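What follows is a set of notes on a single structure, which appears directly below.
The values are calculated or read from the model by the stated rules, or taken from the named source; none is laboratory data. This one's a predicted model, so the numbers in the text were calculated from it and none came from an experiment. Here the Cβ positions follow ideal geometry from the backbone for every residue, glycine too, while neighbour counts run over all protein chains shown.
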Amino acid sequence: MNVPLFTLNRQHEEIMDELMKATEEVIKSGKFILGPWVAEFEEKVADYLGVKYAVGVGNGTDALSIALSAIDIKPGDEVITTPFTFIATAETIAMLGAKPVFVDIDPKTFNINPDLIEEAITEKTKAIIPVHLYGQAAEMDKIMEIAKKHNVYVIEDTAQGIGATYRGKKLGTIGDIGTFSFFPTKNLGALGDGGLVVTNNEEIYKKAKALRVHGSSVKYHHEYLGYNSRLDSLQAAYLLVKLPHTDRWNEKRRENAAFYNENLKDVVKVPVEREGNYHIYHQYTIRTDKRDELKAFLSENGVGIGIHYPIPLHLQPALRYLGYKEGDLPEAEKASKEVLSLPIFPELTEEEKAYVVEKIREFFAG
Ligand SMILES: *Cc1c(COP(=O)(O)O)cnc(C)c1O
């Protein structure tokens with residue numbers, strides 16, 4: 001049997017008629033840039049998240065860049081974040097000339113360890129970017145308390161966490177700004193690139209909205225140097241089709257996770273869902289010190305797997321100039337050697353899940 005790590009074909013089969021209809025409507029309208037679908041999606045997704053303002057942008061990376069620019073991050077500033085995330089989280093800080101400052105992770109949740117943040121704060125610290133890794137909330141109460149005390153901004157990188165909650169609040173709406181990605185493999189995925197910036201702060205909203213069109217709110221009048229980064233009309237139309245299904249799809253992922261937890265907890269470290277968190281399992285990631293052997297065994301047996309992430313950001317060649325070395329962030333380094341993500345997409349069948357479990361148990365029995 002072959003079980004893919006991820007596929008969109010099954011989900012798209014389900015909603016194909018609506019997607020085709022949306023395509024035709026957008027083509028016939030001729031309104032491809034910032035058309036009515038973008039405004040409608042912004043309104044609906046803000047409503048869904050329970051936040052005042054939403055700005056559709058080109059992708060999740062640009063959402064971070066625009067968020068950082070909206071709070072005026074510039075050369076010389078420091079921004080605290082986690083080393084155990086996708087490169088975009090730190091890349092966007094560095095590309096603005098600011099310095100990413102990495103704080104090690106909590107080995108149970110893989111999220112930034114809030115107890116280590118305060119000692120990393122300096123006079124130059126302007127913001128903290130927690131990442132809700134794999135779809136589970138970082139410890140926002142502690143993070144917000146530290147941010148308030150030191151008067152720094154919080155940008156939540158929610159690329160993996162749409163629909164997840166922390167103490168009843170949707171992720172991305174707790175800090176000053178939340179950023180999202182609609183990369184096709186995310187829990188709410190477009191049929192191409194897409195991203196979103198959300199905030200309850202009117203000033204930040206206005207600036208983010210200008211930044212996506214070259215820093216301009218009135219055509220050909222440029223208040224800021226900005227970006228050319230809008231959510232496409234087509235992508236917004238697809239996202240409008242998919243948004244109403246998001247909660248159901250997330251719930252299916254949770255059911256899959258519960259099945260894996262039950263059947264794997266005695267052979268590997270299964271994900272820990274902290275109290276107060278509604279985890280949406282963008283990834284279902286286990287830990288084992290036999291990771292590389294298990295990975296090879298599953299690949300040979302047709303089970304799709306992923307490693308998120310094999311190299312922590314502080315050891316990436318592109319960020320070597322920051323001066324970190326091996327051993328500086330031991331928990332992130334250890335995690336990068338032990339994590340393995342399993343197929344968790346909502347349309348996974350009972351037979352497929354059972355096969356994944358069977359093969360993992362076979363590996364550890366052997
Ligand atoms: C996917 C992702 C991004 C970037 O989103 P893109 O839409 O691919 O630009 C940023 N941060 C995290 C944590 C992600 O998973």
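Would you check if there is a residue in the range 42-49 being closer than 30 Å to GLU352 by Cβ, surrounded by 14 or more Cβ atoms within 10 Å (Cβ to Cβ) and either touching a residue at least 60 places away in the same chain (Cβ under 8 Å) or out of contact with any helix residue (DSSP H, G or I) (no Cβ under 9 Å at 6 or more places or on another chain) (or both)?
yes
Cβ-Cβ under 6 Å, sequence separation 6+ or interchain: first residue in the range 143-161 and in the same structural domain as PRO184 (by TED's automatic domain parsing) and modelled with pLDDT of 95 or more, partner away from the ligand (no atom under 16 Å from the Cβ) and assigned to a loop (DSSP other than H, G, I, E, B). Which pairs?
ILE146/ILE117; HIS150/ILE121; TYR153/ILE71; TYR153/ASP176; VAL154/ASP176
When the residues of the range 68-95 are filtered to those that are within 11 Å of the ligand (Cβ to nearest atom) and among the hydrophobic types (A, V, I, L, M, F, W, C), which remaining residue is nearest to ILE128 (Cα to Cα)?
The extreme case among them is ALA90.
Would you pick out the residues in the range 20-34 that are under 16 Å from ASP193 (Cα atoms) and at pLDDT 95 or above?
Matches in the range 20-34: THR23, PHE32, ILE33.
Touching a strand residue (DSSP E or B) at 6+ places or on another chain (Cβ under 9 Å) and crowded, with 18+ Cβ neighbours inside 10 Å: which single residue out of LEU298, LEU322 fits that description?
On inspection, the qualifying residue turns out to be LEU298.
What helices (runs of 4 or more DSSP H) completely inside the range 268-366 contain at least 1 residues that are touching a Ser or Thr at 6+ places or on another chain (Cβ under 8 Å)?
291-300, 330-338
May I ask you to list pairs of residues, at least six apart or on different chains, whose Cβ atoms are under 8 Å apart, with the first in the range 181-205 being under 15 Å from PHE41 (Cβ atoms) and touching a residue at least 60 places away in the same chain (Cβ under 8 Å) and the second being near the ligand (Cβ under 8 Å from one of its atoms) and among the acidic types (Asp, Glu)?
Every condition considered, the pairs that remain are PHE182/ASP193; GLY195/ASP62.
Answer yes or no: is there a residue in the range 338-346 that is surrounded by 13 or more Cβ atoms within 10 Å (Cβ to Cβ), under 25 Å from VAL101 (Cβ atoms) and charged (D, E, K, R).
yes
A quick yes/no check of all residues on (1) within 10 Å of the ligand (Cβ to nearest atom); (2) crowded, with 22+ Cβ neighbours inside 10 Å; (3) not assigned by TED's automatic domain parsing to the domain that holds LYS252:
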residue: ILE121; (1), (2), (3): no, no, yes
residue: PRO130; (1), (2), (3): no, yes, yes
residue: SER181; (1), (2), (3): yes, yes, yes
residue: THR199; (1), (2), (3): no, yes, yes
residue: GLU202; (1), (2), (3): no, no, yes
residue: TYR205; (1), (2), (3): no, no, yes
residue: ARG212; (1), (2), (3): no, yes, yes
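Would you be able to tell me the number of residues in the range 50-70 that are closer than 26 Å to LYS99 by Cα and surrounded by fewer than 16 Cβ atoms within 10 Å (Cβ to Cβ)?
So the count comes out to 0.
For THR199, state whether it is under 21 Å from SER65 (Cα atoms) and under 17 Å from the mean Cα position of the chain (by Cα).
yes
Considering each residue of the range 109-128, count those that are part of a loop (DSSP other than H, G, I, E, B) and within 18 Å of the chain's Cα centre (by Cα), and give that number.
Qualifying residue count, the range 109-128: 4.
Of everything in the range 214-235, what is away from the ligand (no atom under 16 Å from the Cβ) and either farther than 17 Å from ILE33 by Cα or touching a strand residue (DSSP E or B) at 6+ places or on another chain (Cβ under 8 Å) (or both)? Give them in sequence order.
Once the filter is applied, which keeps residues that are away from the ligand (no atom under 16 Å from the Cβ) and either farther than 17 Å from ILE33 by Cα or touching a strand residue (DSSP E or B) at 6+ places or on another chain (Cβ under 8 Å) (or both), the range 214-235 yields HIS214, GLY215, SER216, HIS221, HIS222, GLU223, TYR224, LEU225, GLY226, SER233.
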